[in-house]
Amino acid sequence: MTGEIYQFVLAAVYHADGLWGEATFDLFPRAGGRAGDQAGQWVVAGVEEAVAGFSGAQIPEERIAELQAHPIFAQIRPGFFEHLRRLRLEGEIRSVPEGTVVQERTPFLQITAPLGVCTLAETLLLQPLAAGMRAATAAARLNAAAGGRTIYDFSSRFWPDPAAALLGARAAWIGGAAATSAAGAGRYGIPLMGTMPTSFLAAYGDDRLAMKAFRRHFPMLCHLAAPEADEADGPAAEAAAQAALRALAAQAGLQSLRVEDPDMEAEARRLRAQLDAAGLPSVRLLGSGGLDEARVRRIAEAGVPLDWLAIGRALAEAPDPRIGYRIAEMQRGVSTEPVTREGGSLWPGRKQIWRQGDQDVLAGEQEGQRAGASPLLSSWQGADLRDAAIRQRTLEARARRAQEWGQPRRLSVSERLRGR
């Protein structure tokens, strides 16, 4: 398991002073967690990965030995390290469903467990949640900016390791990506998508033989790099270009052409005109290379004839939600008390989020049902990673707010919760 040194330091102090009771911590996107427009709306994703990494996790013996040998733990009694050896990270996780859109400062997840466990769980929970919410929110915003064009997740190579790439693929799918280049994501029921690199043609040394081989084995997957523009000009050159495109369609069952030209917009218009003139209106154009939300929006507003957009770095390196992790409630002796002092959660105690239309109401867990509203927080029972309803939640939220995606929902706090 991962962790930060101060988490072990705090756990050692709590253990030495007998603070062994249960606590509840809130996880919430901090205010101002997006670059640029500070929109403050986030798609919740990565909960399943976070809970899977937390539940039953053990601290490796080598980590415990390293801590025990480190000079900063010289005053800590051996009993703490024996406690770490026996410890299993377990507790109650309450979360909103994945795919739910929440705004900044909304406690979308709560963990209740012994105080030391909550302390050691912080990084385990925050890492997958931050990565998942980055990718899912970026995908949702890109979809909103694309003007009906299809977004594909090509971010796999930009994540630091295979596990992160799979998490990113599932999160981008939740946010609305139509398919992913991450091969292992097929286990989640996510469609897979990729394009043929020019190195494939180079390996054969003969384009005709390469196309014939590809079509024989993968007749429905012909997504090629667009041929380079002929420097020659005039009717003859144009006719030759159209003939070359028709030959590609005949030889390889051409499905799409990938446009990576720095002047992608002009190149897309040129290729679209040639494809239409060649009688190939069904062949799609896929734009890729350095696409981010701003450029996608410009493409949509200019009516550039790109049907599909492949997004890489903009998903893996999207702005971070800066998730806060604050104590909201703590057991002291035989009673459990909300934490109300500075340094605690924004609002004390265990809570519920009630959603009604475009408004969320944050209230204490014991305040009861609010008329006409649906509760969002519930005990996490695990998610079916192939469940299409997860993705559908985001798509429906985006459809309802198509003209104002990214504008914060209204969040109000109950009088009782504010008065604590």
What is the sum of charges around P128, taking Lys and Arg as +1, Asp and Glu as -1, for the other residues whose C-beta is under 14 Å from the C-beta of P128? -4
Could you please report the charge total around G312, scoring K, R as +1 and D, E as -1 over all other residues with beta-carbon less than 12 angstrom from its beta-carbon? -2
Ranked packing of 59-67, 23-31, 5-13, most packed first, by mean Cβ within 10 Å: 23-31, 5-13, 59-67
Length added when fully stretched, D263-R86, from 0.36 nm per residue minus Cα-Cα: 57.7 nm
Express the Stokes-Einstein translational diffusion coefficient of the range 142-231 in µm² s⁻¹, to the nearest whole number, given a Kirkwood radius over alpha-carbon pairs, 4 °C and a viscosity of 1.567 mPa s. 87
How would you rank 330-340, 153-163, highest first, on the average number of other Cβ atoms within 10 Å across their residues? 153-163, 330-340
Ignoring ligands, DNA and RNA, please state the percent of accessible area on the range 72-125 from carbon and sulfur, probe 1.4 Å. 49
Among 82-95, 180-193, what's the highest-first ranking by average C-beta atoms within 10 angstrom per residue? 180-193, 82-95
Using the heavy atoms of the protein chains and a 1.4 angstrom probe, tell me the accessible area per residue for the chain in square angstrom. 47
Can you tell me how much longer the chain between D320 and A277 gets when fully stretched, taken as 0.36 nm per residue apart minus their C-alpha distance, in nm with one decimal? 11.0 nm
What does the charge add up to near W173, with Lys and Arg as +1, Asp and Glu as -1, over the other residues with Cβ less than 10 Å from its Cβ? +1
Quick calc, A388 & V334: beta-carbon distance into FRET formula, R0 60 Å, rounding 0.05, result 0.80
Where Rh is the Kirkwood radius over the Cα pairs of the chain, the temperature 25 °C and the viscosity 0.890 mPa s, what D in µm²/s does Stokes-Einstein return? 102
Which value, in debye to the nearest 20, describes the size of the charge dipole of the range 285-401 about its Cα centre when Lys and Arg Cβ atoms bear +1, Asp and Glu Cβ atoms bear -1, and nothing else is charged? 60
Taking R0 as 51 Å, what FRET efficiency do you get between R298 and R77 from their Cβ-Cβ distance, rounded to the nearest 0.05? 0.25
How much length, in nm to one decimal, is gained on full extension between A203 and E365, taken as 0.36 nm per residue of separation minus their Cα-Cα distance? 52.0 nm
Using a Förster radius of 41 Å, what is the FRET efficiency between I5 and R157 based on their Cβ-Cβ separation? Nearest 0.05, please. 0.85
Per DSSP helix of 4 or more residues, -39500 (n - 2.57); summed, then divided by the residues of the chain. What does that give at 222 nm, rounded to the nearest 500? -12000 deg cm²/dmol
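The values are calculated or read from the model by the stated rules, or taken from the named source; none is laboratory data. This is a predicted model, so every value here is computed, not measured. Note that each Cβ is placed from the backbone with ideal geometry, even for glycine, and that neighbours are counted across all protein chains shown. Note: accessible area is taken over every heavy atom of the protein model, side chains too, but ligands, DNA and RNA are not part of it. Shrake-Rupley method; radii C 1.70, N 1.55, O 1.52, S 1.80 Å.
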